[in-house]
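**Student:** Structure provided below as structure tokens; questions to follow.
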Amino acid sequence: MMERTIQVLDKDTIDKIAAGEVVERPMSVIKELVENSIDAGADAVTVEIKDGGISYIRVTDNGNGIKREDVRSAFLRHATSKIRSIEDLIDVSSLGFRGEALSSIAAVSKVELLTKTDDEFSGTRYMIEGSKELSLDDVGIPDGTTFIVRHLFYNTPARRKFLKTPQTEAGYISDFMEKIMLSHPDTAFKLIVNGNTRLQSSGNGEVRDIIYGLYGRDMTGALLPIEVSDGDISIKGFIGKPETARGNRSFEIYYVNQRYIQSTVIRRALDEAYKPYLMLHKYPFVILYLDVSPELIDVNVHPTKKEIRFLEGGQLYDLIVSGIRDTLSERELIPDVSKAPEKPVPFKIRDTADIRPEPFETKSIAGFNERSEYRIPKTTAFDDPVVPYAPVTHDHIRAAAKVNAANVTPILPDAEKDSAPVQLSMFKDGFLSTEGLKRHRIIGQVFDTYWIVEMDDKMYLIDQHAAHEKVRYERILAQEAGGGVHSQMIDPPYIVTLSTAEEAVLKKYAENFKRMGFEIEHFGGNDYSVHEVPAELFGLREDEYFHEILDELMNDKQSANIDAVDHRIATMACKSAVKGNTRLTFAEAGALIDELLTLDNPFNCPHGRPTIVSFTKSGIEKMFKRIVD
């Protein structure tokens with residue numbers, strides 16, 4: 001066996017290895033540079049890329065700049081202005097602080113830096129390639145900093161091969177820019193891709209304006225403001241109505257102290273909060289801003305600081321769940337499916353007087369010749385009309401009821417106007433309010449499944465199966481919360497033979513079964529007799545749903561014991577509810593609507609499907625071309 005000698009790596013190799021931890025792709029470079037711009041006090045940041053950022057990246061800001069004597073130090077490993085000691089890690093509030101970004105970027109690319117502070121007569125131009133300094137010169141430039149990064153991974157071709165196509169890499173960058181725009185609404189951002197402006201924000205501080213520009217009018221109108229606090233934790237932002245749910249978590253966006261992060265605690269809290277409102281494998285659209293005391297978090301647990309650890313995870317979990325559920329329970333959540341798809345709208349900046357020109361945009365740079373390779377790109381002013389890149393179209397926002405090609409928008413008075421959305425409350429004058437109920441006019445039943453109800457200038461369709469299912473489900477849970485579910489005796493008792501694993505589950509959750517209305521006794525050997533079942537489930541096949549509940553509990557190892565039982569009861573309530581294709585009388589339909597009124601969440605069945613959808617009179621008239629937009 002060949003003997004190997006331990007050797008100390010040279011600086012060039014060390015720098016390239018360190019770069020691999022920080023610079024994964026062009027988006028990593030832009031993230032580090034943009035965050036540095038924000039930490040430097042910039043209120044206008046422009047990012048320009050070519051070829052997905054592989055061949056060219058420019059990040060320009062109007063921040064504090066870097067003093068000439070500090071320029072070289074900025075590119076040293078672990079050089080940072082954010083912390084001085086280990087104690088500072090606890091209180092750090094800046095976006096970047098590890099001190100490896102510029103060193104790592106310079107190790108794998110050709111970097112040109114132009115920077116000037118407000119107290120310096122002239123700026124500094126610094127050239128560095130592959131960690132090797134090329135030049136340090138004086139230059140006439142305005143205050144701020146510009147980084148130009150060329151030919152990323154030019155000296156590590158193996159790593160360059162792992163990059164995606166320029167279009168895909170540009171997509172990663174766009175996604176990052178969208179999130180940084182949302183987290184810093186007071187900063188004006190612009191993204192230029194191959195010479196075309198794709199994203200921009202005004203920096204006017206209005207998050208709703210940014211949401212409108214990124215996701216459109218319908219999505220913006222379907223968001224509800226939320227603001228809750230508990231001691232050292234406060235949360236504000238916007239949460240989507242159930243009809244905005246998506247098939248993945250891409251639009252669960254949350255920030256801690258203005259940093260975009262990922263968190264298992266927050267993810268589970270969102271799942272729990274929306275459980276009564278969403279179908280399985282559907283996820284909410286939320287944008288949350290968490291302000292957490294620095295002592296309660298550990299940011300530096302992930303190389304890119306994307307993962308975060310909370311000291312008081314339980315407190316945060318409870319605050320999110322209660323805050324979201326309280327907000328949703330105070331709103332009427334009946335989707336309006338009568339509107340036509342919204343046409344793409346250019347991002348509009350409302351107050352051009354608040355727009356700041358891009359640094360270098362109106363001022364020239366002196367002292368460069370043809371050899372410098374430096375060019376100031378010709379860009380449009382911020383108030384030029386621009387059609388931005390929009391990652392979400394309104395075709396994605398489908399009615400949970402599976403209405404073909406129907407786009408869902410919330411119930412909004414004067415929704416056609418540009419005024420701020422005003423939500424209707426079910427407790428005031430909404431469809432399910434006491435006053436609204438007096439104005440209902442039941443028209444009839446269609447397809448022996450849906451009831452048509454007219455109120456004022458709207459038509460409502462109620463799914464009798466979903467509504468009855470929800471009524472039964474809530475009835476069972478209300479009984480359980482009140483001390484015990486009403487039971488129905490089975491005569492003769494149902495005898496069930498259990499495996500060893502099933503028997504263990506039954507014994508473990510015996511109290512839960514009893515509380516939910518089951519009376520079960522050991523019959524001898526591995527046989528058990530079921531004497532009583534929840535009254536709402538009486539008449540179903542006891543062998544079927546009893547085994548289903550046991551199977552659910554056996555498979556759900558991480559669930560709190562009652563959660564899995566509740567889920568199975570939802571399924572059983574579905575099976576016992578009146579089905580579609582069943583004709584009801586007007587009196588029966590009226591009684592069902594009356595009972596639906598009493599529920600905390602009458603808008604969704606236990607599986608998240610809507611119980612009620614609405615059509616506005618004006619929306620129907622547009623369908624028939626009686627009125628034209």
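A short reminder: the numbers here are calculations on the coordinates, not readings from a lab. Model, not experiment: these values are computed from the prediction. No Cβ is skipped: glycine too gets one built from the backbone with ideal geometry, and neighbour counts run over all protein chains shown.
**Student:** Please list, ordered by chain and number, the residues whose modelled amide H lies under 5 Å from the amide H of GLN262; skip anything fewer than 5 residues away on the same chain.
**Tutor:** It is GLU307, ILE308, by chain and number.
**Student:** For the pair SER329 and ASP491, what calculated FRET efficiency results from E = 1/(1 + (r/R0)^6), where r is the Cβ-Cβ distance and R0 = 30 Å, to the nearest 0.05?
**Tutor:** According to the calculation, E is roughly 0.15.
**Student:** Let me ask another. Please list, in chain and number order, the residues 5+ apart from ASP336 or on another chain whose amide H is under 5 Å from its amide H, with Hs placed from the backbone.
**Tutor:** The answer is THR409, ILE411, SER614.
**Student:** Calculate, for THR264 and PHE121, the FRET efficiency according to 1/(1 + (r/R0)^6) with r their C-beta to C-beta distance and R0 51 Å; round to the nearest 0.05. Each step should come with its number before you reach the end.
**Tutor:** Working: r = 52 Å, r/R0 = 1.02.
The formula returns an efficiency of 0.45 here.
**Student:** Using R₀ = 60 Å, calculate the FRET efficiency as 1/(1 + (r/R₀)^6) where r is the Cβ-Cβ separation of GLU519 and GLU295; round to 0.05.
**Tutor:** Here the calculated transfer efficiency is 0.75.
**Student:** Going down the table (LYS236/LYS275; LYS179/LYS625; LYS31/LYS116; LYS438/LYS625), which pairs top 29 Å between alpha carbons? Kindly include the intermediate steps, with their values, before the conclusion.
**Tutor:** Details: LYS236/LYS275 20 Å; LYS179/LYS625 40 Å; LYS31/LYS116 21 Å; LYS438/LYS625 31 Å.
The pairs that break the limit, which is 29 Å between Cα atoms, are LYS179/LYS625; LYS438/LYS625.
**Student:** Hey, got a sec? Which trypsin sites (Lys or Arg not before Pro) in the range 422-519 land in a DSSP loop and have at most 14 other Cβ atoms within 10 Å?
**Tutor:** Passing sites in the range 422-519 are LYS428, ARG439.
**Student:** To continue, here is another question. Take peptides 589-602, 608-621, 43-56 and line them up by average Cβ neighbours within 10 Å, highest first, as a rough protection proxy. Provide the component values of the computation, followed by the final result.
**Tutor:** Details: 589-602: 17.1, 608-621: 20.1, 43-56: 22.3.
Ranking, from highest mean packing down: 43-56, 608-621, 589-602.
**Student:** At 7 Å along Cα-to-Cβ for each site, give me the label-to-label distance between ASP137 and SER229 in nm.
**Tutor:** 5.3
**Student:** Rounded to whole Hz and in sequence order, give me ³J(HN,Hα) for the range 53-64 from the Karplus expression 6.51 cos²θ - 1.76 cosθ + 1.60, θ = phi - 60°, writing x for Gly and Pro.
**Tutor:** Each residue of the range 53-64 in turn: x, 6, 9, 7, 9, 10, 10, 10, 9, 10, x, 6 Hz.
**Student:** Putting +1 on Lys and Arg Cβ atoms and -1 on Asp and Glu Cβ atoms, find which of PHE238, LEU288, GLY216 reaches farthest to the positive end of the dipole of the range 207-329.
**Tutor:** So the residue furthest toward the plus end is GLY216.
**Student:** At 7 Å along Cα-to-Cβ for each site, give me the label-to-label distance between ASP448 and THR165 in nm.
**Tutor:** A separation of 5.1 nm, rounded to one decimal place.
**Student:** Using Cβ counts within 10 Å as a stand-in for footprinting exposure, how do ARG58, ARG160 rank, fewest first?
**Tutor:** ARG160, ARG58
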